[in-house]
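K.L.:
Sharing a structure here in structure tokens format.
Laboratory data are not the source of any read-out in this text; all were calculated from the coordinates shown. These figures come from a predicted structure and were not determined experimentally. Positions of Cβ are generated from backbone atoms using ideal geometry, with glycine treated the same way; all protein chains shown enter the neighbour counts.
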Amino acid sequence: MTKTILTIKDLHVSVEDKEILKGVNLTINAGEIHALMGRNGSGKSTLSYTLMGHPRYKVTKGQILFHGKDLLVMPADERARLGMYLAFQYPVAIPGVSVSNFLRAAVKAKRGQDVPIKEFRAELKDNMTKLGIANEFLSRYVNDGFSGGEKKRLEILQMALLKPEMAVLDETDSGLDIDALKTVAEGINSLASSDNAVLLITHYQRLLNYITPQFVHVMHNGEVIKSGDSKLAHELEAKGYDWITQELVAQA
Amino acid sequence: MSCIPQTDLTKNRIEEISSSLAEPAWLSKERRLAWEKYIATDVPDPKADEWRTINLNSLDLSKLKTTKLNPNLGSFETALPDGGKLPKEMSAALKQYKEIAGFIWQTEKGTQHVYLDPDLQKKGVILLPLSLAVNSHAGLAEKYLTKTRKFSHDNKFSLLTEALFNSGIFVYIPKSVEIEKPFLLGFDFVGNTCEEAVFSRLLLIAERNSKANIVNVLLSSNAKNINASPSLSLVSQLNELYVEAGAKLSYAELQDFGQHVFYNSRLNNYVHKDAHVDNLSVAIGAAQSKVDVATYLQEQGANSEVLGVVFGTANECFSYNTIQEHNAPDTQSDINFRVALKDQSKSMYQGIIRVDKKAQKTEAFQSNKNLLLSNGAKADSIPKLEILADDVKCSHGATVGPVDPEQLFYLMSRGLSQKEAEEFVVLGFFNKVLAQFPVPHTLEWLQGIIGETLCTQFQSQAELKAEAAVLVK
Ligand SMILES: Nc1ncnc2c1ncn2[C@@H]1O[C@H](COP(=O)(O)OP(=O)(O)OP(=O)(O)O)[C@@H](O)[C@H]1O
Ligand SMILES: [Mg+2]
């Protein structure tokens with residue numbers, strides 16, 4: 001039996017009174033990996049911020065349900081504790097806050113209790129080794145002076161520690177070198193299971209060479225205008241987006 | 001106990017203090033000179049930049065009475081006190097630093113506990129209440145205490161401090177003695193319902209090529225139980241650091257006085273050839289704080305780093321003035337000051353850089369960042385540059401603004417509540433400065449103290465709602 005984790009129904013979102021999302025529908029079940037593609041500015045990050053509850057993005061219509069629960073009434077921290085996770089396209093620096101203090105606080109918030117320091121260290125070491133993150137990063141300040149790729153790795157490290165049920169990864173592949181792309185993709189694969197789901201926002205087929213999504217969606221001008229299986233991503237890689245928008249014009 | 005509304009901030013009081021402490025004649029003379037200057041100096045102009053955030057009316061000079069210290073109180077001990085018997089800021093410091101070179105604990109009643117590592121004593125290190133040092137080490141004390149008047153300062157309170165000081169500490173580090181473990185000094189101003197005044201002087205002398213670290217804690221141990229009188233008590237300090245050629249001196253000060261205190265402080269750093277001084281001022285208490293930190297780079301190669309962290313709550317008012325005075329070539333000074341304000345608190349930062357004509361190749365930097373945590377909080381920042389040399393590197397920068405909502409969202413997206421997220425951002429903001437102070441364990445100690453303060457000051461939304469609900473009922 002399929003277990004639905006996330007339901008997005010006719011979602012309309014505005015930023016500063018400008019409508020960006022114009023009726024997005026999407027259902028994501030446990031065990032599924034979805035890819036979301038689309039041109040720059042089509043509204044992918046707007047969707048990801050809205051899912052996580054960024055106060056700047058105002059939902060004017062529609063619903064977001066997490067296991068049937070209304071997410072829209074919850075602030076970001078409550079959503080996170082429920083099992084939502086967003087790997088940011090542009091992770092934010094928190095100067096003066098060390099990575100280790102931050103991770104410990106996040107893990108404590110998510111799990112609802114303090115993790116014994118020894119256990120936490122071991123878990124952290126293990127995940128850092130897998131993701132190729134050097135120890136010295138623990139004492140550095142969160143994303144402060146990190147390279148693009150280092151920031152993306154830290155996003156996946158957090159995902160590994162927080163074990164979200166629904167992870168939205170916004171262009172986690174961009175800015176990664178070829179080896180890092182493989183490491184990060186392996187990390188994502190090892191975290192994906194039959195109990196959780198992943199929404200991968202990406203521009204490139206190359207990530208999908210490592211992670212095979214069951215569904216690929218194309219966003220255009222604030223709407224999901226086409227959905228298909230992993231073949232769609234290959235088609236997009238070969239042909240670009242124009243043919244889909246032309247299809248849309250033809251249908252109209 | 002009733003308060004007698006009659007001030008004793010008078011010339012007579014000078015004679016009283018001098019004779020009760022059996023002071024040498026040169027010191028009484030010094031006090032009288034300061035008094036004359038005090039009388040001749042204009043009262044602070046409440047509209048001047050350095051005073052306009054301060055509520056001068058909160059202080060009633062016609063009521064203030066100097067505290068009567070018992071010079072015989074306290075004793076020289078062969079060990080440190082039991083941390084458990086000290087206020088939390090002090091016991092936390094003892095715990096963090098573990099090893100302490102020397103310790104003085106004073107309250108408004110007098111000196112309670114003096115300890116100096118016997119090995120250091122053998123090397124000639126001196127750590128004494130100032131009232132004793134002026135007699136036992138009169139030569140040294142006179143040499144340095146009489147230098148003060150050569151440096152003009154227009155702050156009336158500092159002149160009053162020179163005239164009427166009745167508390168203080170003397171630290172002397174002989175030539176080439178290098179001490180890594182810090183000296184821990186503490187002053188507890190409990191106060192009572194009367195308006196009191198404590199004037200104190202701290203004299204630190206680091207002789208040629210010596211090295212020492214000093215940590216000074218100012219607090220009110222039972223601040224919560226004090227019924228503040230309408231006008232405040234005054235704690236006024238004049239702290240002087242003489243850093244002789246090649247010496248390295250680090251001085252950290254934590255000010256956590258109660259809301260009944262008007263805090264006035266002048267810190268003068270006199271830095272000589274190739275010497276280096278580090279200052280860190282942390283302020284989380286007192287109703288009114290007027291603090292001047294001056295660094296006089298007097299000889300070639302002198303070098304200074306001045307750090308500041310201010311966390312304001314309630315109606316607290318802060319005015320910090322830093323002075324970087326370059327009087328010799330090849331000197332460097334760097335200032336990094338950060339202020340975070342909640343509630344209706346206010347801050348003014350004024351940073352003066354003065355570069356004398358002969359001070360070529362000066363490098364002077366200044367940064368002041370202000371974080372506003374509520375709509376009622378206000379911060380101002382004014383740089384003042386008076387540069388007479390032409391071959392210098394100077395820069396200054398200031399920012400005033402709220403917490404970055406993107407930072408809050410990032411932290412909250414990881415499950416941290418808004419309260420926790422704000423605490424993290426503010427602590428991080430301060431850490432960037434605290435981490436620059438070179439004395440080991442200072443960062444951890446202050447993080448603990450500031451973290452605790454933030455924790456009680458940032459109420460969670462849930463707590464606020466619960467409180468509101470109770471109020472409605
Ligand atoms: N905070 C904002 N203020 C103003 N406009 C915004 C804001 N956020 C998004 N927009 C606008 O909404 C549109 C969608 O932006 P969004 O970031 O969601 O695109 P995207 O699909 O993620 O693009 P990319 O592939 O470049 O990351 C853009 O036109 C963008 O300028
Ligand atoms: Mg985007």
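K.L.:
Taking the dipole about the Cα centre of chain B, with the C-beta of Lys and Arg at +1 and of Asp and Glu at -1, give me whichever of B:Leu140, B:Thr67, B:Ile387 is farthest to the positive side.
P.N.:
B:Thr67
K.L.:
Under 28 Å Cα to Cα from A:Lys231, which lysines show up? Leave out anything in the same chain fewer than 8 places away.
P.N.:
Within the straight-line cut-off, A:Lys231 pairs with A:Lys3, A:Lys9, A:Lys22, A:Lys44, A:Lys152, A:Lys182, A:Lys239.
K.L.:
Counting only helical runs of four or more DSSP H residues, what would the 222 nm mean residue ellipticity of the protein assembly as shown come to if each run contributes -39,500 (n - 2.57) and the total is spread over all its residues? Write out the running numbers ahead of the final one.
P.N.:
Numbers: 20 runs with 215 residues, N = 725.
Rounded to the nearest 500, the figure is -9000 deg cm²/dmol.
K.L.:
What is the sum of charges around B:Ala302, taking Lys and Arg as +1, Asp and Glu as -1, for the other residues whose C-beta is under 11 Å from the C-beta of B:Ala302? Walk me through the numbers on the way to the answer.
P.N.:
Working: positive: B:Lys273; negative: B:Glu244, B:Asp274, B:Glu299, B:Glu325, B:Asp330.
With Lys, Arg at +1 and Asp, Glu at -1, the neighbours total -4.
K.L.:
Hey, another quick one. Tally Lys/Arg at +1 and Asp/Glu at -1 over every other residue whose Cβ is under 13 Å from the Cβ of A:Ala185; what's the total? It would help to have the intermediate numbers written out before the result.
P.N.:
Working: positive: A:Lys130, A:Lys152, A:Arg153, A:Lys182, A:Arg206; negative: A:Asp173, A:Asp177, A:Asp179, A:Glu186.
My count for the surroundings of A:Ala185 gives +1.
K.L.:
Once you order the gyration tensor axes a ≥ b ≥ c over the Cα atoms, which shape class does the stretch B:315-356 get: rounded for a/c under 1.5, otherwise prolate or oblate by comparing a/b with b/c?
P.N.:
On the way: a/c = 6.48, a/b = 3.10, b/c = 2.09.
Prolate, because a/c is 1.5 or more and a/b exceeds b/c.
K.L.:
Then there is this: Quick one: which residues, 5 or more positions from A:Gly23 or on another chain, have an amide H under 5 Å from its amide H? H modelled 1.01 Å from N in the peptide plane, none for Pro or chain starts.
P.N.:
For A:Gly23, the qualifying residues are A:Leu11, A:His12, A:Val13.
K.L.:
May I pose another question? Let me check against my output: what whole-number percent is the relative contact order of chain B, with C-alpha pairs under 8 Å and at least 6 apart? Let's see the in-between values first.
P.N.:
On the way: 1164 pairs, mean separation 50.3, N = 473.
For chain B, the relative contact order is 11 percent.
K.L.:
What is the spin-label model distance, in nm, from A:Trp243 to B:Ala79 if the labels are put 7 Å beyond Cα along the C-beta direction?
P.N.:
8.6 nm
K.L.:
How about the stretch A:32-111: which chymotrypsin sites (Phe, Trp or Tyr not before Pro) there lie in a loop by DSSP and see at most 15 other Cβ atoms within 10 Å? List each step's numbers first, then the result.
P.N.:
Details: sites: A:Tyr49, A:Tyr57, A:Phe66, A:Tyr85, A:Phe88, A:Phe102; in loops: A:Phe88.
Of the chymotrypsin sites (Phe, Trp or Tyr not before Pro), not one in the loops of the stretch A:32-111 has a Cβ with at most 15 other Cβ atoms within 10 Å.
K.L.:
Between rounded, prolate and oblate, where does the stretch B:11-299 land on the alpha carbon gyration tensor, with a ≥ b ≥ c its root eigenvalues, rounded for a/c under 1.5, else prolate if a/b exceeds b/c? Don't jump to the answer; show the numbers that get you there.
P.N.:
On the way: a/c = 1.43, a/b = 1.21, b/c = 1.19.
The shape class here is rounded.
K.L.:
Let me ask something else about it. Which one of A:Val218, B:Ala40, B:Pro230 has its Cα pushed farthest toward the positive end of the charge dipole of the protein assembly as shown, where Lys and Arg give +1 and Asp and Glu give -1 at the Cβ?
P.N.:
Final value for the positive-end residue is B:Pro230.
K.L.:
About its Cα centre, how strong a charge dipole does chain B have in debye, to the nearest 20, once Lys and Arg get +1 and Asp and Glu get -1 at the Cβ? Spell out each step's value before the answer.
P.N.:
Details: 49 positive and 56 negative charges, 98 e Å.
In total the dipole reaches around 480 debye.
K.L.:
For the stretch A:1-138, give the magnitude of the charge dipole about the Cα centre (Cβ charges: +1 Lys/Arg, -1 Asp/Glu; no others), in debye to the nearest 20.
P.N.:
On the way: 20 positive and 13 negative charges, 19 e Å.
Charge dipole, the stretch A:1-138, about its Cα centre: 100 debye, nearest 20.
K.L.:
For a Förster distance of 41 Å, can you work out the FRET efficiency between the beta-carbons of B:Lys147 and B:Thr399, rounded to the nearest 0.05? Provide the component values of the computation, followed by the final result.
P.N.:
Working: r = 38 Å, r/R0 = 0.92.
That gives a FRET efficiency of 0.65.
K.L.:
Quick one: if you stick a label point 7 Å off each Cα along the C-beta vector at A:Ser190 and B:Asp8, how many nm between them?
P.N.:
With each label point 7 Å from Cα toward Cβ, the separation is 7.4 nm.
K.L.:
Counting only residues 5 or more places away or on other chains, whose amide H sits under 5 Å from the amide H of B:Asn370 once H atoms are built in the peptide plane?
P.N.:
Here the answer is B:Val339, B:Thr399, B:Val400, B:Gly401, since their amide H atoms fall under 5 Å of that of B:Asn370.
K.L.:
Scan the stretch B:334-387 for trypsin sites (Lys or Arg not before Pro) in coil per DSSP, keeping those whose Cβ has at most 16 other Cβ atoms within 10 Å, and list them by number. Please list the in-between numbers first.
P.N.:
On the way: sites: B:Arg338, B:Lys342, B:Lys346, B:Arg354, B:Lys357, B:Lys358, B:Lys361, B:Lys369, B:Lys378, B:Lys384; in loops: B:Lys342, B:Lys357, B:Lys358, B:Lys361.
Passing sites in the stretch B:334-387 are B:Lys357, B:Lys358, B:Lys361.
K.L.:
How large is the convex hull of the C-alpha atoms of the stretch A:4-251 per residue, in Å³? Provide the component values of the computation, followed by the final result.
P.N.:
Values: hull volume 31.4 nm³, N = 248.
With only Cα atoms used, the stretch A:4-251 gives 127 Å³ per residue.
K.L.:
A follow-up question, please. What percentage of all Cα-Cα pairs in the protein assembly as shown are separated by more than 46 Å? Display every interim value, and only then the final one.
P.N.:
On the way: 88545 of 262450 pairs.
Cα-Cα pairs in the protein assembly as shown separated by more than 46 Å: 34 percent.
K.L.:
Among B:Asn315, A:Ala106, A:His54, whose Cα lies farthest out toward the positive end of the dipole of the protein assembly as shown, if unit charges sit on the beta carbon of Lys, Arg (+1) and Asp, Glu (-1)?
P.N.:
B:Asn315
K.L.:
Sticking with this structure for a sec: So what J values fall out for the stretch B:418-425 if you push phi through Karplus, 6.51 cos²θ - 1.76 cosθ + 1.60 with θ = phi - 60°, rounded to Hz, Gly and Pro as x?
P.N.:
4, 4, 5, 4, 5, 4, 4, 5
K.L.:
Please report how far the C-alpha centroid of the stretch B:409-431 lies from that of the stretch A:126-186, rounded to the nearest whole angstrom.
P.N.:
Centre-to-centre distance over Cα atoms comes out at 20 Å.
K.L.:
Quick one: Cα centre-to-centre distance for the stretch A:1-56 and the stretch A:79-116, in angstrom?
P.N.:
That distance is 22 Å.
K.L.:
Can you classify the stretch A:73-158 as rounded, prolate or oblate using the Cα gyration tensor, where a ≥ b ≥ c are the square roots of its eigenvalues, rounded means a/c under 1.5, and otherwise it's prolate if a/b beats b/c and oblate if not?
P.N.:
Values: a/c = 1.68, a/b = 1.14, b/c = 1.47.
Verdict is oblate for the stretch A:73-158.
K.L.:
Would you pull out the residues with amide H under 5 Å of B:His113's amide H, same chain only if 5 or more places away, H placed 1.01 Å from N?
P.N.:
B:Ser75, B:Trp105
K.L.:
Based on DSSP, what percent of beta bridges with both residues in the protein assembly as shown are antiparallel, to the nearest 5?
P.N.:
On the way: 36 of 196 bridges.
In the protein assembly as shown, approximately 20 percent of DSSP beta bridges are antiparallel ones.
K.L.:
How charged is the neighbourhood of B:Gln360? Take every other residue with its Cβ under 12 Å from the Cβ of B:Gln360, and add Lys/Arg as +1 and Asp/Glu as -1. Mind dumping the intermediate values first?
P.N.:
On the way: positive: B:Lys357, B:Lys358, B:Lys361, B:Lys393; negative: B:Asp330, B:Asp356, B:Glu363, B:Asp390, B:Asp391.
Neighbour charge sum, excluding B:Gln360 itself: -1.
K.L.:
What is the dipole size for the stretch A:4-251, taken about its Cα centre, with +1 at each Lys and Arg Cβ and -1 at each Asp and Glu Cβ, in debye to the nearest 20? The partial results should precede the final answer.
P.N.:
On the way: 29 positive and 30 negative charges, 97 e Å.
Dipole about the Cα centre, nearest 20: 460 debye.
K.L.:
Measuring from label point to label point, each 7 Å out along Cα→Cβ, what is the A:Tyr90 to A:Asp229 span in nm?
P.N.:
Computed distance between label sites A:Tyr90 and A:Asp229 equals 3.8 nm.
K.L.:
Give the cross-link partners of B:Lys122 among the aspartates and glutamates, using a straight C-alpha distance below 14 Å as the criterion and excluding same-chain residues fewer than 8 apart.
P.N.:
Within the straight-line cut-off, B:Lys122 pairs with B:Glu178.
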